[in-house]
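First the structure, in the form of structure tokens, and then the observations on it.
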Amino acid sequence: MAKKPYRLAVSNQKGGVGKSTIALNVAGAMSERDAETLLVDLDPQGYLTSGVGLDDEYTAPSPNLNDALKSPSEHKVDDLVISHDEFDVLPANIDMFSLEQELVSGMRGRERLSMLLEDLDGYDFMVVDCPPSLGLLTDNALLACQNVLIPAEAEDTSIRAVELLFKQIDSLEDNFGTAIQEEALVVSNVDYPLDGEQKEMLEWFDETFSENIPVFEIRNRAAIKRAFNAGVSIFGHDEECDQTDELLRIADYFEQERGQR
Ligand SMILES: Nc1ncnc2c1ncn2[C@@H]1O[C@H](COP(=O)(O)OP(=O)(O)O)[C@@H](O)[C@H]1O
Ligand SMILES: [Mg+2]
């Protein structure tokens, strides 16, 4: 029997820390390594969905991801998946803005994404881009994936952000009797030459995490931004970029993690 897909939540409740960029480019790197990959946009703001050129899906009427998350058993999630040159995409929908309120009062409101992704076959990886908050959508991603990739900027505000995320993960583990692994940290958007704050933070990440999980580093590159705006990862872009090696190292690390299960 084929292995179950390895699911990965890309999460940090701070906005603008590189979640969507990392999600897109890690999915691109996985596809570059010939892994069948699904990219899921769970952010109601839909930046990733628009980024990969799916504005029409973002504003599409029912049925869309919002409906599927509202009533998983009534929708075939396969029908919502769109193919992209590099990987498949499960696009966000603008209606998801009011979804969290409904999930609070609904049955198993934190397990809806789990139920949906269960029904999708044929993938090696599913990469879920989280919204910039620790609300029910993020809880859905953490519980559905149980593996977390944390992008964080080399800024001192990242310390609290990461601590809060870890606390949330602990509380979900307690309440749901499940294990959620913090798998890797990616310091995103690093700008050389380093200033004092970046230097200190890179040291802090290293001291705090590298004994337990790998700490990767993706630098600030205009090409990464241009690729996003062109609707593709850096691997689908016709431009050289010196960050592809690190992205492939991230993909290889997750391939290894997938193999170990
Ligand atoms: N490695 C990078 N190089 C250049 N720009 C980046 C890089 N990572 C993120 N950015 C830019 O930083 C901004 C925030 O990134 P984004 O991925 O949207 O963060 P989030 O999803 O956490 O809100 C975007 O404008 C994005 O283009
Ligand atoms: Mg984002």
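The values are calculated or read from the model by the stated rules, or taken from the named source; none is laboratory data. None of these values were measured; they are calculated from a predicted model. Because the Cβ atoms are built from the backbone with ideal geometry, glycine has one as well, and the counts that use them run over all protein chains shown. Side chains are part of the model used for accessible areas, which takes the heavy atoms of the whole protein and leaves out ligands, DNA and RNA. Shrake-Rupley method; radii C 1.70, N 1.55, O 1.52, S 1.80 Å.
Descriptive notes on the structure:
- Among Cys130, Asn140, Phe166 the positive-end extreme of the charge dipole of region 103-200 (Cβ point charges): Asn140
- In sequence order, calculated HN-Hα J values of region 48-53 (Karplus, 6.51, -1.76, 1.60; Hz; x Gly/Pro): 5, 4, 5, x, 8, x
- What the phi angles of region 237-251 give under the Karplus curve with 6.51, -1.76 and 1.60, with θ = phi - 60°, is a coupling list of 9, 8, 9, 6, 8, 7, 9, 5, 4, 5, 5, 5, 5, 5, 4 Hz, glycine and proline written as x.
- Options Leu48, Ser20, Phe176, ranked by Cα towards positive dipole end of the chain, top entry (Cβ charges): Phe176
- Accessible surface of the chain, 1.4 Å probe: 44 percent of it comes from carbon and sulfur atoms.
- Compared with the dominant Cα axis of the chain, that is its longest principal axis, helix 19-32 is turned about 90°.
- Prolate/oblate/rounded call for region 116-261, Cα gyration tensor, a/c under 1.5 rounded: oblate
- Surrounding net charge for Leu136, when Lys and Arg each add one and Asp and Glu each subtract one, Cβ distance under 14 Å: -1
- For region 6-259, diffusion coefficient by Stokes-Einstein and Kirkwood Rh (Cα), 4 °C, 1.567 mPa s, µm²/s: 71
- In degrees, nearest ten, helix 157-176 long axis to first principal axis of the chain (Cα): 40
- Using the Karplus relation 6.51 cos²θ - 1.76 cosθ + 1.60 with θ = phi - 60°, the per-residue 3J(HN,Hα) values for region 125-133 come to 10, 10, 10, 10, 7, 8, x, x, 6 Hz, with x marking Gly and Pro.
- Helix 136-145 axis, angle to the chain major axis (alpha carbon atoms, nearest 10°): 80
- Solvent-accessible surface of region 37-91, averaged per residue with a 1.4 angstrom probe and all protein chains in place: 43 square angstrom.
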